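Asker: Questions regarding the structure given below will be posed in turn.
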Amino acid sequence: MGYKTYLAKQVIIYITVLIAAMSILYVFTYPVIQTVLRKTIQNEALHFKQAILKHASGHGTINMTKINLEVHRYEAQLISSYGLNRPIYAKYFIQMYNLMTFHFGNAYYLTAPSGSRKVSAIIAAYLPYTIILFTTGTLIVIFAGTIIGLLSARYAGTFWDKLVPTIAVIHSSLPTWWLGFLFIAALAYGIHAFPPGGITSVPPPKNPLMYSASMLYHMALPLLAFTIVNVGGFAYIIRSLVISTTKEDFVVTAKARGLSDSRILYRHILKTASPAISTQVALAIAGSFAGGLTTEIVFNWHGLGWLTYVAILSNDLPVILGITFVLTIILLLALFIDELVKGYLDPRLKVGE
Amino acid sequence: MSSAETGIKLYLNTILKNKSGIIGVAMIILFIALSIYGMAAYKNVASEWNNANYWRTYPKVAMPAWMIYFNPNKIFSTKTFISQPKTLYSSSSYEVVQVDYKFKWNKGSAPSDVVFYVDTSSPIETINIVWKKPDGAQVTLSQSSPSKATDLLSYTSSLDSYISSQIGYVPPRVVASTLSKALFGYEGKGLLNGTVEKGTYEAKITLVVPPHTKVVANKLYLEGNAYGIFGTDIYGRPLDIGILLGLPNALEIGFLTSIISVIGGVIIGGISGYLGGKTDSAINWVTLVMLSLPILPFLVVMSYVMRPTLLMEALFISFLVWSFYAIIARSSAQSIRKEVYVEADKVLGIPSYRTFFTHFMPRLTPFAIAYTALGVPAGIILVETLAFLGLAPPGLITWGAILNGAEQNFAAVNGWWWWILFPGLMIILVSIPFVIIGFSIERGIFGGR
């Protein structure tokens, strides 16, 4: 099997997985989606009617029956386009198609900064901030975690070796949002060393350099909380991957050949463990978007998590649903890219074994 | 079956020989004992938790009581006074009852609030309070058809006019502690600057009640700013009770999610790895689907849409996380499948389900135990996170909901650190023993170091 066959197989698998994952969410939220769509249609019809009335009032005569007929026709058109009058199986296909093409309908109350009420526009406006914060955070975690993990795998019985299990316990027992909450109380409001939240200072600086500096300053505290909580888990994974590879025969052979420890570690062990590590990296980045929901709330960081909270508080269901769909797609995309990278790194696939 | 017993015994031994393992087991036993105590001792309190009236007489956002030792002049606990009610006048249409309190105040700051508690057999028509300061100055507070417990905020209108008569204006945001300063400060421009008149105060409470009304109980509360082990929240609810009552809920959901998802995951993953072939690929595909669902957003949607009970919530979480355990169980089952004794069983014609139960399940049991232990804190953190978002199962006391209250009432800005610190510390404290035990078994299985 060559790399291309592998690729084709993965594409097919992941498309089926995407459809299945979406279907699960669809099944769980079926009744809710119906009411959401009905409300969206009612709102749109109302907007349509107002638009016609505005237009007609400029032209003198207003024929209410004609307008109402027009609105009804428009409403019926919308209902059939959302598939609300169809049997369940047809509904399923139409609504799944709408979901896959990011047609989540309109939000009840929330609007994007641009004023659009489309859920996809709202999500698109907030998603970049989530990506900025958590990609940076995960990169720091991966960098620090890999170093600590390698050090602890290499120097058995030292400080590094004992450090990893301890910080791994922290990772599994500490919620990031709570640590952030504590940091805000102590470091932001207590000693005023950091801003208590937000993305930039208010009003945002005009100079792009100052803007990014202000943003970095605001990112410091969330990143600190995120890193403290997550670095242990990643270091622990790296450590166990490296240790389990160390037990393989080829490492013993390399040792017998008299190669230096660092050469064995970097050239042999790390190279072999890299596909597994890449999986962890992909999962860590994609998982951090979804897992960071609550962290954004305490830091008032206006990303998807904060948006979710606002949507919950204001009962804006379409937005909550849309965010979940987008996060599912991101996670799947990460898994898929990881699968490709893994295939690329795996020499057995290249030679067509 | 003997191999299974020795297996479990072996892992129990590794836990109990390990110093941190013993501490972990001891902590878990302590937590279970505390939950049982909490459920038994505060059964009635749990149902009143969200009833603001029940907590009327408690000090609001009071810091932990042990803070008194650091600054006994400014930090103090609530003082209560009782006095005998006297009937001043009675007629066929109404009665006038007077309660007279006299007390000494020599603390450096005013109480955080003053609560007048009068329980009568029929509702009070009007209440009139004459407050006499040590230097003779008087303040009159009045209210018609009051509730049993009236705090200073119920007399805001009387007190506001008193404050503006002294300092010329009314401060923009009036809270109970400001009103209390007015009752305890020297008259004049500096009424609210925090200096307190020391000496004997007198509060004459005159009640107008329907005839033949009896005063069942009466009390004067001078609310302190310190209460209990962990302080109180903005409604006056003691956090120590809240934390104690949150413990059984946290443990229950942690155990439930972890046991359901691990048993499900290990059985499904074990069967998948054991059977191999097409069944394996099919189950593997299902696992991949489940893995691609982001857990927290999915839980947010499900909790939001259905508002599940505790058991349903546990089932939802298990449904979303079993796949993690299935993958691990599958890979270890695959390696067991290659063992000679499995081949031997096959050759001997022993039915496959028996092979599964005699050779596979015993070897998967330690996994199951390790991941059950690790799954408990994972479940607890997920539920507390949901509760922090305001999506806890309705009617449950959870630490996440307490922290949500702290977030919504700006505890960080106001410096109410105890409201943030202790509920979160409990999440960590409850998680740690499970994590330690899980890690020590996991290390036992994988060898590690």
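Asker: Kindly provide the set of residues from region B:101-133 that are loosely packed, with under 15 Cβ neighbours inside 10 Å and not in a strand (DSSP E or B), ordered by number. It would help to see each step written out before you state the result.
Answerer: Taking region B:101-133 as the starting set, the residues that turn out to be loosely packed, with under 15 Cβ neighbours inside 10 Å are B:102-104, B:106, B:108, B:119, B:121-123.
Hits for region B:101-133 are B:106, B:108, B:121, B:122, B:123.
Asker: On to the next question. So which residues in region A:260-269 are without any contact (Cβ under 8 Å) to a residue 40 or more places away in the chain and either touching a His at 6+ places or on another chain (Cβ under 8 Å) or part of a helix (DSSP H, G or I) (or both), if there are any at all?
Answerer: Passing the criteria: A:262, A:263, A:264, A:266, A:267, A:268, A:269.
Asker: Follow-up. In contact (Cβ under 8 Å) with a residue 60 or more places away in the chain and either among the polar types (S, T, N, Q) or within 14 Å of another protein chain (Cβ to nearest Cβ) (or both): which single residue out of B:292, B:318 fits that description?
Answerer: B:318
Asker: Can you tell me how many residues in region B:230-246 are surrounded by fewer than 24 Cβ atoms within 10 Å (Cβ to Cβ) and either under 19 Å from residue B:143 (Cα atoms) or touching a Leu at 6+ places or on another chain (Cβ under 8 Å) (or both)?
Answerer: Final tally of qualifying residues: 1.
Asker: Could I ask something else about it? Consider residue A:34 carefully, then state whether it is within 14 Å of chain B (Cβ to nearest Cβ), of a type outside the set (Val, Ile, Thr), within 30 Å of residue B:312 (Cβ to Cβ) and in contact with a Leu (Cβ under 8 Å, 6 or more places away or on another chain).
Answerer: yes
Asker: Of these, A:245, A:272, A:308, which one is at the interface with chain B (Cβ under 10 Å from one of its Cβ atoms), of a type outside the set (A, V, I, L, M) and in a helix (DSSP H, G or I)?
Answerer: Details: A:245 fails: at the interface with chain B (Cβ under 10 Å from one of its Cβ atoms); A:272 fails: at the interface with chain B (Cβ under 10 Å from one of its Cβ atoms).
Sole residue among the options that is at the interface with chain B (Cβ under 10 Å from one of its Cβ atoms), of a type outside the set (A, V, I, L, M) and in a helix (DSSP H, G or I): A:308.
Asker: Quick check: anything in region A:219-234 of a type in the set (Ser, Thr, Tyr), in a helix (DSSP H, G or I) and either without any contact (Cβ under 8 Å) to a residue 24 or more places away in the chain or closer than 23 Å to residue B:408 by Cα (or both)?
Answerer: No.
Asker: Among the residues that make up region B:326-341, is at least one of them under 25 Å from residue A:27 (Cβ atoms) and surrounded by fewer than 24 Cβ atoms within 10 Å (Cβ to Cβ)?
Answerer: The answer is yes; a qualifying residue exists.
Asker: Against the definition (in a loop (DSSP other than H, G, I, E, B), in contact with a Gly (Cβ under 7 Å, 6 or more places away or on another chain) and over 18 Å from residue A:233 (Cα atoms)), how does residue A:104 come out, yes or no?
Answerer: Answer is yes for this residue.
Asker: For residue A:72, indicate whether it is over 30 Å from residue B:281 (Cα atoms), at pLDDT 80 or above and not β-branched (Val, Ile, Thr).
Answerer: yes
Asker: So, one more: Inside region B:295-315, can you point out the residues that are within 8 Å of chain A (Cβ to nearest Cβ) and either closer than 20 Å to residue B:377 by Cβ or buried (at least 20 other Cβ atoms within 10 Å of the Cβ) (or both)?
Answerer: If the condition is that a residue be within 8 Å of chain A (Cβ to nearest Cβ) and either closer than 20 Å to residue B:377 by Cβ or buried (at least 20 other Cβ atoms within 10 Å of the Cβ) (or both), then B:295, B:296, B:297, B:298, B:300, B:301, B:302, B:304 are the ones that fit.
Asker: Sticking with this one: Would you be able to say whether some residue in region A:291-314 is in contact (Cβ under 8 Å) with a residue 12 or more places away in the chain, over 17 Å from residue A:142 (Cβ atoms), in contact with a Gly (Cβ under 7 Å, 6 or more places away or on another chain) and surrounded by fewer than 17 Cβ atoms within 10 Å (Cβ to Cβ)?
Answerer: Looking for residues that are in contact (Cβ under 8 Å) with a residue 12 or more places away in the chain, over 17 Å from residue A:142 (Cβ atoms), in contact with a Gly (Cβ under 7 Å, 6 or more places away or on another chain) and surrounded by fewer than 17 Cβ atoms within 10 Å (Cβ to Cβ), one finds at least one in region A:291-314, hence yes.
Asker: For residue A:295, state whether it is in contact with an Asp or Glu (Cβ under 7 Å, 6 or more places away or on another chain), among the β-branched types (Val, Ile, Thr) and more than 9 Å from chain B (Cβ to nearest Cβ). Let's see the steps before the verdict.
Answerer: On the way: in contact with an Asp or Glu (Cβ under 7 Å, 6 or more places away or on another chain): no; among the β-branched types (Val, Ile, Thr): yes; more than 9 Å from chain B (Cβ to nearest Cβ): yes.
Answer is no for this residue.
Asker: Now for a different question. Out of curiosity, is residue B:173 touching a helix residue (DSSP H, G or I) at 6+ places or on another chain (Cβ under 6 Å) and either at pLDDT 90 or above or over 20 Å from residue B:143 (Cα atoms) (or both)? Let's see the steps before the verdict.
Answerer: Values: touching a helix residue (DSSP H, G or I) at 6+ places or on another chain (Cβ under 6 Å): no; either at pLDDT 90 or above or over 20 Å from residue B:143 (Cα atoms) (or both): yes.
Here the answer is no, as residue B:173 does not meet what is asked.
Asker: Additional query: State which residue is nearest to the other protein chains (Cβ to nearest Cβ) when the search covers only region B:268-288 and only residues that are out of contact with any Ser or Thr (no Cβ under 6 Å at 6 or more places or on another chain), β-branched (Val, Ile, Thr) and surrounded by 19 or more Cβ atoms within 10 Å (Cβ to Cβ). So that I can check it myself, show each step before the final result.
Answerer: The initial filter retains those residues of region B:268-288 that are out of contact with any Ser or Thr (no Cβ under 6 Å at 6 or more places or on another chain), namely B:268-279, B:281-282, B:284-286, B:288.
Retained after the next criterion (residues that are β-branched (Val, Ile, Thr)): B:268, B:271, B:279, B:286.
Now restrict to residues that are surrounded by 19 or more Cβ atoms within 10 Å (Cβ to Cβ): B:268, B:271.
On the way: B:268: 16, B:271: 20 Å.
Among residues in region B:268-288 that are out of contact with any Ser or Thr (no Cβ under 6 Å at 6 or more places or on another chain), β-branched (Val, Ile, Thr) and surrounded by 19 or more Cβ atoms within 10 Å (Cβ to Cβ), the one nearest to the other protein chains (Cβ to nearest Cβ) is B:268.
Asker: Go through region B:355-437 and tell me which helices (runs of 4 or more DSSP H), entirely inside it, have 1 or more residues that are more than 9 Å from every other protein chain (Cβ to nearest Cβ), surrounded by fewer than 23 Cβ atoms within 10 Å (Cβ to Cβ) and under 20 Å from the mean Cα position of the chain (by Cα).
Answerer: Filter on region B:355-437 gives B:399-408.
Asker: Contact list please: Cβ distance under 6 Å, first residue in region A:318-336 and at the interface with chain B (Cβ under 7 Å from one of its Cβ atoms), second residue modelled with pLDDT of 85 or more and not in a helix (DSSP H, G or I), pairs at least six apart or on different chains.
Answerer: none
One line per residue, one yes/no per condition, for (1) hydroxyl-bearing (Ser, Thr, Tyr); (2) more than 33 Å from the chain's Cα centre (by Cα); (3) under 22 Å from residue B:61 (Cα atoms):
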| site | (1), (2), (3) |
| --- | --- |
| B:107 | no, no, yes |
| B:118 | no, no, no |
| B:139 | no, yes, no |
| B:177 | yes, no, yes |
| B:181 | no, no, yes |
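Asker: I'm trying to understand the selection: among the residues of region A:181-200, which are within 25 Å of the chain's Cα centre (by Cα) and free of Cβ contacts under 8 Å to residues at least 24 places away in the same chain?
Answerer: A:182, A:200
Asker: Turning to a different aspect of this structure: Out of B:119, B:113, I need the residue that is of a type in the set (Asp, Glu) and under 28 Å from residue B:198 (Cβ atoms). Which one?
Answerer: After applying the criteria, what remains is B:113.
Asker: What tally of residues in region B:230-248 results from selecting those that are part of a loop (DSSP other than H, G, I, E, B), modelled with pLDDT of 90 or more and among the small types (Gly, Ala, Ser)?
Answerer: 1
Asker: Additional query: Is it the case that some residue within region B:438-447 is more than 14 Å from every other protein chain (Cβ to nearest Cβ) and either modelled with pLDDT of 85 or more or in a helix (DSSP H, G or I) (or both)?
Answerer: The answer is no, given that none of the residues of region B:438-447 is more than 14 Å from every other protein chain (Cβ to nearest Cβ) and either modelled with pLDDT of 85 or more or in a helix (DSSP H, G or I) (or both).
Yes/no matrix, rows are residues, columns are (1) among the small types (Gly, Ala, Ser); (2) under 25 Å from the mean Cα position of the chain (by Cα); (3) surrounded by 15 or more Cβ atoms within 10 Å (Cβ to Cβ):
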| residue | (1), (2), (3) |
| --- | --- |
| A:48 | no, no, yes |
| A:59 | no, no, no |
| A:79 | no, no, yes |
| A:118 | no, yes, yes |
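Asker: Going residue by residue through region B:28-49, is there one that turns out to be farther than 22 Å from residue B:377 by Cβ, touching a residue at least 60 places away in the same chain (Cβ under 8 Å) and among the aliphatic types (A, V, I, L, M)?
Answerer: Yes, some residue in region B:28-49 is farther than 22 Å from residue B:377 by Cβ, touching a residue at least 60 places away in the same chain (Cβ under 8 Å) and among the aliphatic types (A, V, I, L, M).
Asker: Looking at B:155, B:169, can you tell me which residue is over 14 Å from residue B:115 (Cα atoms) and among the hydroxyl-bearing types (Ser, Thr, Tyr)? Give the steps one after another, and end with the answer.
Answerer: Numbers: B:155 fails: over 14 Å from residue B:115 (Cα atoms).
That would be B:169, the only listed residue that is over 14 Å from residue B:115 (Cα atoms) and among the hydroxyl-bearing types (Ser, Thr, Tyr).
Asker: Provide a single number: the residues in region B:194-229 that are surrounded by fewer than 22 Cβ atoms within 10 Å (Cβ to Cβ), in contact with a Gly (Cβ under 9 Å, 6 or more places away or on another chain) and part of a strand (DSSP E or B).
Answerer: 0
Asker: Now a separate question. Select, from B:156, B:200, B:195, B:213, the only residue that is under 33 Å from the mean Cα position of the chain (by Cα) and among the hydroxyl-bearing types (Ser, Thr, Tyr).
Answerer: Sole residue among the options that is under 33 Å from the mean Cα position of the chain (by Cα) and among the hydroxyl-bearing types (Ser, Thr, Tyr): B:156.
The values are calculated or read from the model by the stated rules, or taken from the named source; none is laboratory data. In this text the structure is predicted, and so the values were computed from the model without any measurement. In this analysis, Cβ positions are derived from the backbone assuming ideal geometry, glycine residues included, and neighbour counts consider all displayed protein chains.
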